[in-house]
Amino acid sequence: MLDLQQFNISGRIRSLALKSKMAAKNYPPHSLSAETPTHNVVSTGGQKHQKHWFVMRDLKRPNAKLPAYKMLEDKCFEVFIPTKWQVVTKLGKRVREKVPVINGLLFVHSERTLLDPIVELNSTLQYYYRKGGGYREPMVVRDDDMDKFISAVNSSQNSVFYSPQEITPDMIGSKVHIIGGNLDGYDVSLLKIKGSRKKRIFVELPGIIVVSVEIEPEFIQLI
């Protein structure tokens with residue numbers, strides 16, 4: 001299970017939740033460490049007018065009235081945040097609602113020319129930057145990887161999220177091809193579950209986050 005206090009993108013970055021406490025300070029934008037896999041991280045190559053999935057962070061408190069993802073959605077930006085069901089107390093009553101899996105992590109599908117002015121006006125909204133890229137080159141995720149991840153999350157009501165560091169070789173099963181359903185046409189890996197008849201698969205945003213979701217056996221074709 002994902003440990004929110006230790007989750008990080010590079011393996012050496014402090015918790016995003018802890019960093020939100022520094023929002024009022026002049027905190028420098030983050031660059032990925034050398035350990036972070038970048039083979040699936042796209043270089044924007046200076047194409048500021050092309051749409052990309054930007055990896056961003058919101059340094060506001062988790063209980064802020066207007067978190068970055070809501071502010072961006074109000075401005076008609078396409079935003080995705082991984083969420084999970086959690087029981088919370090509101091007005092003395094316990095209710096079940098969806099909350100972000102990792103406080104502060106969000107993905108925004110947009111042109112940089114449209115995002116830059118928003119970032120400049122909101123000091124608590126920041127890009128993640130590529131290590132080894134150009135000067136302050138934002139980190140972006142390939143469209144195919146993002147589409148697959150979103151499809152996986154939306155296909156299940158009981159998604160389980162992991163940091164990449166939590167996935168060990170003995171958890172990874174056979175490589176399979178999916179035929180049918182939300183993930184039709186994708187190649188993924190099975191999750192090894194001893195004594196369980198249910199099938200679960202892994203879908204990863206490389207170096208960022210991994211989700212495991214249930215899938216119907218009839219959709220699975222061994223490669």
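The values are calculated or read from the model by the stated rules, or taken from the named source; none is laboratory data. Keep in mind the model is a prediction, meaning the values are calculated, not measured. Because the Cβ atoms are built from the backbone with ideal geometry, glycine has one as well, and the counts that use them run over all protein chains shown.
Whenever a residue of region 97-117 is closer than 11 Å to Asp58 by Cβ and in contact (Cβ under 8 Å) with a residue 24 or more places away in the chain, its partners that are among the acidic types (Asp, Glu) and surrounded by 15 or more Cβ atoms within 10 Å (Cβ to Cβ), lying with C-beta atoms within less than 7 angstrom and at least six residues away or across chains, give the pairs Gly104/Asp58; Leu106/Asp58. The one condition from (1) closer than 16 Å to His52 by Cα; (2) not in a strand (DSSP E or B) that Gly207 does not meet is (1).
The residues of region 68-114 that are aliphatic (A, V, I, L, M), in a strand (DSSP E or B) and over 21 Å from Ser163 (Cα atoms), listed by number, are Val87, Val88, Val95.
Please determine, by comparing only the residues of region 60-76 that are under 17 Å from the mean Cα position of the chain (by Cα) and crowded, with 17+ Cβ neighbours inside 10 Å, which one is farthest from Phe149 (Cα to Cα). Only one residue tops the list, namely Pro67. Does any residue of region 210-220 turn out to be touching a strand residue (DSSP E or B) at 6+ places or on another chain (Cβ under 6 Å), exposed (fewer than 13 other Cβ atoms within 10 Å of the Cβ), part of a loop (DSSP other than H, G, I, E, B) and modelled with pLDDT under 95? No: region 210-220 contains no residue that is touching a strand residue (DSSP E or B) at 6+ places or on another chain (Cβ under 6 Å), exposed (fewer than 13 other Cβ atoms within 10 Å of the Cβ), part of a loop (DSSP other than H, G, I, E, B) and modelled with pLDDT under 95. For Leu190, the conditions (1) out of contact with any strand residue (DSSP E or B) (no Cβ under 6 Å at 6 or more places or on another chain); (2) within 14 Å of Ser212 (Cα to Cα) are fulfilled apart from (1).
Taken over region 158-175, the criterion of being loosely packed, with under 14 Cβ neighbours inside 10 Å and either over 17 Å from the mean Cα position of the chain (by Cα) or within 17 Å of Tyr186 (Cα to Cα) (or both) is satisfied by Thr168, Pro169, Asp170, Ile172, Ser174, Lys175.
What's the total number of residues in region 188-218 that are of a type in the set (A, V, I, L, M, F, W, C) and free of Cβ contacts under 8 Å to residues at least 12 places away in the same chain?
As a first pass, look at region 188-218 and keep what is of a type in the set (A, V, I, L, M, F, W, C): 188, 190-191, 193, 201-203, 205, 208-211, 213, 215.
Right, trim to free of Cβ contacts under 8 Å to residues at least 12 places away in the same chain and you get 193.
Total satisfying the criteria: 1.
So Lys199 ticks every box in (1) over 19 Å from the mean Cα position of the chain (by Cα); (2) more than 17 Å from Leu222 (Cα to Cα) but one. Which box is left unticked? All conditions pass for Lys199, except number (2). The residue of region 99-121 that is surrounded by the most Cβ atoms within 10 Å (Cβ to Cβ), among those that are under 30 Å from Val87 (Cβ atoms) and hydrophobic (A, V, I, L, M, F, W, C), is Val108.
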